[in-house]
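The values are calculated or read from the model by the stated rules, or taken from the named source; none is laboratory data. Just so you know, these numbers come straight off a predicted model, no measurement behind them. Reconstructed Cβ throughout: ideal geometry from the backbone, glycine too, with neighbour counts over all protein chains shown. Note: areas computed on protein heavy atoms with side chains; ligands, DNA, RNA excluded. Shrake-Rupley method; radii C 1.70, N 1.55, O 1.52, S 1.80 Å.
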Amino acid sequence: SGIGWEQYLSERLEAELVRAASSEQDLALVVLRVSGLLHTDLLSRKIAHILLDTFKFRDMVFEYGSDGFAAIMQNVNLDQMMKTADCLYADVDALLMELGYEGRITVGITTRTARLLPAARMIEEAVNAARKAEEEPSLPIVAFRANPDKYRNYIAEKC
């Protein structure tokens, strides 16, 4: 598909989380899935081009699972990312309609939101949001809205 492999996502996200925390910026992670998609399909490459147009940096877009993609966007909050996700959804949907593809698009989003968290946790949140979107046919985009205070309390209790 011409983009990063899934195994590099965690490493890159970890580095971006460190950078975002040191400069006190937000960061978003998006997981987009298209049911029935295979990364060997021409459709996968076309969706990858849409993602690259949206996220601008090739090293921030990755294949994810057998039917999806993940992308990191720097210095955006959840509301900004939701607007971007709406446009991304519309672009991918238009491509699917143009090609006569019947797969369902789901999008899961999470942000750093003033939290110090590992990449694995952020990936888990975005995947769970995408899974929730799969369960809700009328809600193809689901965002995980973190509460930084609750997260700090949760971490404090674990330590």
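Within the set of pairs 6+ apart or on separate chains, which have a first residue in region 116-134 that is farther than 10 Å from VAL30 by Cα, a second that is open to solvent by 90 Å² or more (accessible area, probe 1.4 Å), and C-beta atoms under 8 Å apart?
Close Cβ pairs (under 8 Å, with a partner that is open to solvent by 90 Å² or more (accessible area, probe 1.4 Å)) amount to ALA119/GLU11.
Residues that are free of Cβ contacts under 8 Å to residues at least 60 places away in the same chain and under 23 Å from GLU135 (Cβ atoms): does region 19-37 have at least one?
Within region 19-37, none of the residues are free of Cβ contacts under 8 Å to residues at least 60 places away in the same chain and under 23 Å from GLU135 (Cβ atoms).
Among the residues of region 40-53, is any in contact (Cβ under 8 Å) with a residue 60 or more places away in the chain and touching an Asp or Glu at 6+ places or on another chain (Cβ under 9 Å)?
no
Would you please name the residue that is modelled with the highest pLDDT, looking only at residues in region 1-39 that are in contact with a helix residue (DSSP H, G or I) (Cβ under 6 Å, 6 or more places away or on another chain) and polar (S, T, N, Q)?
SER10
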